[in-house]
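First comes the structure, then the notes that go with it.
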Amino acid sequence: MLIDIGENKPIILRRDTEEANGKTGTRVDVMLEGDFTRSAQKINEYFKQTALVGSYANLTFVDPIGRISTYERATEALPPPPKETLPHPHGVDVEAFKRMVKLNEEKTLKRFMTTHFHRIGDRTAVKFLEFAGIRPDIAPEKLTNEQAVTIVDALQRFTEFLPPDSSCLSPVGEVILGTGIMKELEPEFSTVVVRPPSSYSGFPFLVEVGLVYGGKVLEPGRKLFRFANRIPLLYDESSDVSFKVLNEEIDWRRYHVPDEAPVGVITHICSTKVPYKTVGKEYIADRPEIEAEIRNAVREALRRLSLYLSKKGSMEAVQRKMNIYGKYLPLIAKFSQDLAGEKRPPKYKQLIADEQEAADVEEKAAQELTVEVGGKTGVNDQIEQAKIEDYS
Amino acid sequence: MIKLSKQKSKTTAEARKEKVEKVLNDLGHKVYNDLDSSRFPSVTFASRSVSNIVYDKKLQQFILGSSTVKRTAGNIKHIRPFTQLLWLAYFSKKLVEEKKTSTLRDVYYSAQAFDVEFQDQAESDELITDLEVLLGGAREEFNVYPEERSAIFGNLTIEYTVPGYEGKKLDLSAHPDGMMIGPAMTTAEFADTDAEMVLAIEKGGLFTRFIEEKVHTKYKAILINCAGQPPRATRYLLRRLHSELKLPIGILCDADPWGAHIAMVIKSGSANAAHLRDLTTPSGVWLGVWASDIQKYKLPSDPLTEIDIKRVYELKADPRYKEKLWHDELDTFLKYKRKSEQEAFSRYGLSYIVDTYLPEKLELLK
């Protein structure tokens, strides 16, 4: 099979039929040619990371020397399949516009606008063409080069188009990402934040962030896993927008997460057009809209981690305290009994029981307090922003 | 020749043991009762912080002021030292009951067997001092002694009270190197003596010289080698020699600020022992070697180092050095910036210090 890139259609070279033997689903076998010895590490990494966001699929990798790596499916859930969609007017350039006109069969420009663009109805089409200064009943193929440029220019400037809807996007989702994280990273704590859809330059996009702490796989220090439309990005990490957000825009100390803490951050950017910086498609440009969404998602996830850590800290403190009482009170009892010359040991166990009870109450209060602290983080945000403004 | 009453002395040792057993028992009861009524036990005692150490003119020594510290088992930062303190009391009780003694280092190691181990000996020493403050007695009363020992020599017969030696007597002039001042010496009773004074000497060299020159018969003196800053046991013994035998105490040290302070500590104690009594001999006399003696006797001398000079200024700030003699001598140090050792007298011959210097100085004891 080959792919026709222009039409985005398969070119089938040979068709065979095989018995399914009661199995259901889709199986894809791919064989690639390449320099394995040089890229083995990246290829293995690619599979591991794919398993992280693709916990709904079985992955089997047979390498050139016959070693088999398998990643088992772990969830029945599937990501929503993307719906085909028309281009949003903000996202069309002169080249694309001309191509659309060439293939057009509509008689009027107004009709052309409503049938070739995303979320444009009659009313919007009329309003827009008025704004652009082009008559709506003109035949599209009669448009001059200058008129075409005028329209594309107006498409960018016109503010009344509806934003793109996200039905064309296929996010991983909380369940599938969460399952992949538990399976591949076995963390002590993990959380997934799915941001509402947004758009940049007429392209809808959606950001998903997974935050992982501790566990069996992560090593000390922060590790970033980047994905674009569920594809792992393995190269040029430091040029990526996610890297910039994590290392330049997030104040980790505020969330009480030290630099050496075993933390993993998974960022998934899902869009009809991912703004790669280069043709290599290895890192994503820092478009302000996308940057803001990543920042918000990471902050939300960090707030949850911070809450978890403080709760864990207070529980550990209580446990430590009880351990200390448990170690020393019996000794105190023994020594005092001997010094006082008493026959029976003092009834110190009641004291430990009382203390455990008090600690439980305290722990509850501490938990409530941490919720409050979590809530207050937002206030701190504002305070810090206010400060920054003062300095400027 | 003074014959001392054996009967009376024995009661002193017994009474001391009873007193210690009682304070330990009281502490035990207090903690026991607290635990039994589901209360966290706590102890309160005078603070040993620098700001709480004040000079008492009447007692002529440093004492602890009115601020206190409370240590409670309920506080998890306190519970470990609290347990260690109680263990020390428990351990002391065993020592006193069995009439055994232990060194500070022993104590540090013994703790390990009870799961209350100390981080280092400094920590255990610190807590032993806390116990002294809490119970109002010196560690020696709880049979805990430091490692360092000084020595005694002279016409004095003692009678041991330690187990296995009860009633045994020893003439302290029997051995020409002197006898070590340890727990057995400190608790021994004075049986008889013809001495008329006690000379506390800073260093072993001069102590040996004095024995060789027969100072103990020539001047009827009991000689004590302090071996630097004298340990508490030695200070306690000096006090007993003065109070029980009514002997004047003379102190001979190097002519430098450190030597002067050895004399001062024998007289009025140290800030470290501000919580303790019975370690001082206020009527002790600093015989020398004074700063002014360096000029007077034209002694070979060395320049004071920067640390020496700093020490002089520290001593000048000490209220006890306000007295004229001490004050003037410190000023003399600062004026000439010279120091001399006791051995410096050897330039005039080995017996000069005994035949010439000492008789002049002993006038001060009269």
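Treating only the Cβ atoms of Lys and Arg (+1) and Asp and Glu (-1) as charged, compute the dipole magnitude of region A:111-171 about its Cα centre; round to the nearest 20 debye.
Numbers: 7 positive and 8 negative charges, 17 e Å.
It works out to roughly 80 debye.
Counting only Cβ charges, +1 for Lys and Arg and -1 for Asp and Glu, the dipole size of the protein assembly as shown around its Cα centre is about 1820 debye.
Grouping the Cα pair distances of region A:161-262 into 10 Å bins from zero gives a pair-distance distribution of 13, 40, 36, 10, 1 percent in increasing distance order.
Take every Cα pair under 8 Å in region B:150-365 that's 6+ residues apart, average their separations, divide by the length, and report that relative contact order as a whole percent.
Values: 377 pairs, mean separation 38.4, N = 216.
18 percent.
With +1 on each Lys and Arg Cβ and -1 on each Asp and Glu Cβ, how big is the dipole of region A:174-303 about its Cα centre, in debye rounded to the nearest 20?
Details: 17 positive and 20 negative charges, 51 e Å.
Here the size comes out at about 240 debye.
If you model region B:240-345 as an ellipsoid using its alpha carbon gyration tensor, with each semi-axis the square root of five times an eigenvalue, the axes come out at 25, 17, 11 Å, biggest first. Across chain A, C-alpha contacts under 8 Å between residues 6 or more apart give a mean separation that, scaled by the residue count, equals a relative contact order of 12 percent.
Considering region A:89-157, its Cα convex hull presents a mean projected area of 3.9 nm². Rounded to the nearest Å, what's the spacing between the alpha carbon centres of region B:229-306 and region B:117-156? Just the number, please. About 20 Å separates the Cα centre of region B:229-306 from the one of region B:117-156.
Projected over all directions and averaged, the alpha-carbon convex hull of the protein assembly as shown occupies 57.1 nm². Restricting the calculation to Cα atoms, chain A yields a radius of gyration followed by a Dmax of 29.5, 113 Å. Per the Cα gyration tensor, region A:230-366 maps to an equivalent ellipsoid with semi-axes of 56, 14, 10 Å, ordered largest to smallest. Listed by chain and number, the aspartates and glutamates whose C-alpha is less than 16 Å from the C-alpha of B:Lys220, apart from same-chain residues fewer than 8 away, are B:Asp171, B:Asp192, B:Asp194, B:Glu196, B:Glu212, B:Asp355, B:Glu360, B:Glu363. Computed on region A:46-175, with alpha-carbon pairs under 8 angstrom and 6+ residues apart, the relative contact order is 28 percent.
Starting from the Kirkwood radius over alpha-carbon pairs of chain B, derive D by Stokes-Einstein at 20 °C in a medium of 1.002 mPa s and give it in µm² s⁻¹.
Numbers: Rh = 22.2 Å.
This corresponds to a translational diffusion coefficient of 97 µm²/s.
In chain A, if the dipole is taken from +1 on Lys/Arg beta carbons and -1 on Asp/Glu beta carbons about the Cα centre, which of A:Asn145, A:Ala40, A:Trp252 is farthest to the positive end? The residue sitting farthest along the positive end of the dipole is A:Ala40.
Throughout, read-outs are computed from the coordinates displayed, never taken from laboratory work. Values in this document were obtained by computation on a predicted structure and should not be read as measured data. Counting neighbours? That spans all protein chains shown, and the Cβs are built from the backbone with ideal geometry, glycine included.
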